[in-house]
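Q: Input: one structure, supplied below.
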Amino acid sequence: MKSTADFSGRYGPWAIVAGGSQGLGAAFAREIARRGVNLLLLARRPGPLEETAAALRRDHGVQVKTAAVDLSAPGFLEAVEQAAAGLEIGLLVCDAAHSHTGLFLDSDLSTCLRILDTNCRAPLALVHRYGSRMAERGKGGILVMSSLSAFWGSPYVAVYGATKAFLVNLSEALWKELGARGVDVTVCTAGPVLTPNYIASMPTRKGPSALEMTPEKVAGIAMAALGRRHFVVPGALNRLAQFFMGRFVSRTAAVTMLERNTARMYGR
Ligand SMILES: NC(=O)c1ccc[n+]([C@@H]2O[C@H](COP(=O)([O-])OP(=O)(O)OC[C@H]3O[C@@H](n4cnc5c(N)ncnc54)[C@H](OP(=O)(O)O)[C@@H]3O)[C@@H](O)[C@H]2O)c1
């Protein structure tokens, strides 16, 4: 692991965490704060943003700014720019995501487009804007949250899974392109993570499964991968599942398995 001085020298003095108010985003913010980097947290609701920011200031003594921004709204980038005015952003974490469970044709088109805007358009715009400034300075880091659902079509979460595939593909390419300009890019394809929203979305969930991980564990592993690997799957069992499904299971069988599994998980 990089020392605090190495980390803040390479990825400081400020980090943006898009989706930094709760769940994994808040865990990323804690990982960053404890390495001495100041934070600008983005999310829609001011209440959770302020609560998380206050805890980070109290526990880690870093500066924390917040901006209540809807990343799916057309003018979001200007709002982020305003909030980040005068800050040197050395690290960008694209964590915020929107999801919806249900059959594609039963979902409103507006919901599908909102997933696309939050999960693809927003990270693309943020990475373009702040990645280009990092490249000009010849240093910085970008961490993108994807999911194991990126690798195969996932019935019942079809649009969400497709947006996560976009992020893997984009991040892998940028790892090379931006890496050549001194900017580290890592994409994290997590399995199930015990965030409040994940738990709330599983009405039939019985208890912890071996694949589920805490947000703290996932954020710690992903952050440690930045600057070392362009791609990380937290958790040995999740890595094994991804390897096994990729090598030994046909795509047809994999999608059928995911359909059954997702239907069971979400009580469909
Ligand atoms: N939990 C899992 O099992 C799991 C598994 C694999 C990958 N992931 C990925 O990990 C990331 C975080 O997941 P999570 O479970 O921690 O999510 P979460 O608990 O739902 O938190 C999402 C964060 O993003 C913010 N957000 C959502 N929509 C937004 C928007 N339109 N504009 C601005 N901020 C927005 C939320 O705050 P507001 O609601 O206030 O806006 C919150 O801070 C996501 O990219 C997800 O795809 C999660």
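The values are calculated or read from the model by the stated rules, or taken from the named source; none is laboratory data. None of these values were measured; they are calculated from a predicted model. Quick reminder, even Gly has a Cβ in these numbers, built from the backbone with ideal geometry, and neighbours come from all protein chains shown.
Q: Check whether at least one residue in segment 201-211 is assigned to a helix (DSSP H, G or I) and either surrounded by 12 or more Cβ atoms within 10 Å (Cβ to Cβ) or not hydroxyl-bearing (Ser, Thr, Tyr) (or both), and report yes or no.
A: Looking for residues that are assigned to a helix (DSSP H, G or I) and either surrounded by 12 or more Cβ atoms within 10 Å (Cβ to Cβ) or not hydroxyl-bearing (Ser, Thr, Tyr) (or both), one finds none in segment 201-211, hence no.
Q: For the condition modelled with pLDDT of 95 or more, crowded, with 20+ Cβ neighbours inside 10 Å and more than 8 Å from the ligand (Cβ to nearest atom), what is the one hit in GLY182, GLY153, GLY140?
A: Residue meeting the stated conditions: GLY140.
Q: Residues that are free of Cβ contacts under 8 Å to residues at least 60 places away in the same chain, under 13 Å from ALA18 (Cβ atoms), part of a strand (DSSP E or B) and away from the ligand (no atom under 12 Å from the Cβ): does segment 65-75 have at least one?
A: So far as segment 65-75 goes, no, none of its residues is free of Cβ contacts under 8 Å to residues at least 60 places away in the same chain, under 13 Å from ALA18 (Cβ atoms), part of a strand (DSSP E or B) and away from the ligand (no atom under 12 Å from the Cβ).
Q: Just the residues that are assigned to a helix (DSSP H, G or I) and out of contact with any Phe, Trp or Tyr (no Cβ under 9 Å at 6 or more places or on another chain), please, taken from segment 141-163.
A: If the condition is that a residue be assigned to a helix (DSSP H, G or I) and out of contact with any Phe, Trp or Tyr (no Cβ under 9 Å at 6 or more places or on another chain), then LEU148, TYR160, ALA162, THR163 are the ones that fit.
Q: Would you check which residues across segment 4-28 are aliphatic (A, V, I, L, M), buried (at least 23 other Cβ atoms within 10 Å of the Cβ) and part of a helix (DSSP H, G or I) and list them?
A: Within segment 4-28, LEU24, ALA26, ALA27 qualify.
Q: Can you go through GLU50, GLU31 and tell me which one is farther than 20 Å from GLY182 by Cα, surrounded by fewer than 17 Cβ atoms within 10 Å (Cβ to Cβ) and either near the ligand (Cβ under 10 Å from one of its atoms) or at pLDDT 95 or above (or both)?
A: GLU50
Q: Here is a list: VAL64, VAL37. Which entry is within 17 Å of GLY220 (Cα to Cα), crowded, with 16+ Cβ neighbours inside 10 Å and either among the polar types (S, T, N, Q) or in contact with a strand residue (DSSP E or B) (Cβ under 6 Å, 6 or more places away or on another chain) (or both)?
A: Just a single option satisfies the conditions, and that option is VAL37.
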